[in-house]
Amino acid sequence: MPADGSPMRWASGHSVLADGAAAAAAAAAAVRAELGEGPVDLCMVFVSAAHVPAAETIATVLRDVLAPACLAGTSARGVVTRAEEIEQGPSLSLIAARLPGVDVKPFVLLQEAWAGPVEDEAAFDALAPGARGAELVVLLGDPFSIDVERVLSLFNRFVPGVRVVGGMASAGARPNANVLLLNDWLAPEGAVAIALHGAVRVDVIVSQGCAPIGPPLDVTHVEKNLVMTLDGQPALERVEEVLRALSGPDRERLRQGLYVGRPLRGDASGRGDYLVRNLLGADRERGALAVGDLVGPREKIRLHVRDARAAVEDLEMLLSPQVFDTAAAGALLFACNGRGRTLFGEPDRDIATLQDALRGPVPVSGMFCAGELGPVGGRNFQHGHTASIAILRPR
């Protein structure tokens, strides 16, 4: 708690009203009632596609009711609330906080600026003011207009150890179909970011939702993202050997697809030790496998499966230390569009798992993403099929 004795306080609200202004007013009223009177230092809003045309009106309502010092948001296919994952229909999810002792430093990211040369710390700091030394950076971007992989690589290079959590807007499947908001700036492109410093402590959970199968495989010949040989054999031939040796239940799990895990450290062996990447296809004539990443020679990769059971087990395992910590003040949840009912066959699985671990209900907001952002093995990456979570407490 800060020296003045005032506590950190988070509050969340949501609405499924079809009218954007009414939805914003309802969610803001719920948040204001929970926060009580006093300043609002940060407010984040996530809206479904139906509310994109009303984004400016929604921002105006939120400013009128909450007067936040920093207002940020974006659009999504579905939103996450304190207790629900709303995957269809009009929806708006809102979270706001009173953050004594915390410096909130927002900035906008535009592709033309980030595409140019960034050769030293000063150039990076000009693009990402406030990122250096941050406890956390929350980043929301449009997948059609910002090269987030380059942005994250520059974060990894110039501010190593600064964690980036967030997601890519998913309300539309084409350019200019999304909306991004930061204070008075509103646009269908680019990205927005919020760096948090000071009296805040953040636990970051990145659940890739996969389970390893088969033994580690030595990459003995690779050409960029094409793995030519594994354990000295044609890569496709070696993978087929591994798959034939699987038990019946493990073979059944292949129905959800096969993935490749790149080791995060030399002694990688089990769940959480790998960065999971898509297996893009196979060249049967050459015996090669195409991976959705650049694989290094002599890496010991491992095959992975992703299904509902693996996803639940992985998230529960990663959240299990939370039971021994102090009560969380708030949380942000960024889940892949491919999770939710599509993966689990039931609603609200991720948010229920999170609230169970936090002994909730804790104020939570978030969205379904077209790419989730979060650190694995000390470096920030864009992921797929992942749940990326920030759990916030006072320092």
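The values are calculated or read from the model by the stated rules, or taken from the named source; none is laboratory data. Because the structure is a prediction, the values reported are computed rather than measured. Every residue, glycine among them, receives a Cβ derived from its backbone with ideal geometry; neighbour counts consider all protein chains shown.
Checked against (1) assigned to a strand (DSSP E or B); (2) at pLDDT 95 or above, I213 passes all but a single condition, namely (2). As a summary of the residue check, E223 satisfies the conditions (1) of a type in the set (D, E); (2) assigned by TED's automatic domain parsing to the domain that holds A76; (3) farther than 17 Å from L71 by Cα; (4) out of contact with any helix residue (DSSP H, G or I) (no Cβ under 7 Å at 6 or more places or on another chain) except for the one numbered (2).
Evaluated against (1) in contact with a helix residue (DSSP H, G or I) (Cβ under 8 Å, 6 or more places away or on another chain); (2) not in a loop (DSSP other than H, G, I, E, B), L17 falls short on exactly one condition, (2). Screening G266, G287, G261, G281 for residues that are under 27 Å from E149 (Cα atoms), surrounded by 15 or more Cβ atoms within 10 Å (Cβ to Cβ) and among the small types (G, A, S) leaves exactly one candidate, G261.
Residues in segment 328-351 that are over 24 Å from Q382 (Cα atoms), in contact (Cβ under 8 Å) with a residue 40 or more places away in the chain and small (G, A, S): A328, A329. P143 fulfils the conditions (1) touching a helix residue (DSSP H, G or I) at 6+ places or on another chain (Cβ under 8 Å); (2) within 21 Å of I389 (Cβ to Cβ); (3) modelled with pLDDT of 95 or more except for a single criterion, (1). Screening the candidates D314, D283, D307 for the property of being of a type in the set (D, E), under 16 Å from the mean Cα position of the chain (by Cα) and under 28 Å from L243 (Cβ atoms) yields one hit, D314.
Of the set (1) farther than 19 Å from N178 by Cβ; (2) of a type in the set (S, T, N, Q); (3) in contact with a Gly (Cβ under 8 Å, 6 or more places away or on another chain), all apply to S6 but (3). Of the residues making up segment 272-302, those that are in contact with a Phe, Trp or Tyr (Cβ under 7 Å, 6 or more places away or on another chain) and either more than 28 Å from R349 (Cβ to Cβ) or in contact (Cβ under 8 Å) with a residue 60 or more places away in the chain (or both) are L275, V276, N278, R302. With the condition kept exactly as written, say whether any residue in segment 181-189 is within 19 Å of V79 (Cα to Cα) and free of Cβ contacts under 8 Å to residues at least 60 places away in the same chain. Yes. What are the residues in segment 64-92 that are acidic (D, E), closer than 17 Å to S12 by Cβ and in a loop (DSSP other than H, G, I, E, B), if any? Once the filter is applied, which keeps residues that are acidic (D, E), closer than 17 Å to S12 by Cβ and in a loop (DSSP other than H, G, I, E, B), segment 64-92 yields only E84.
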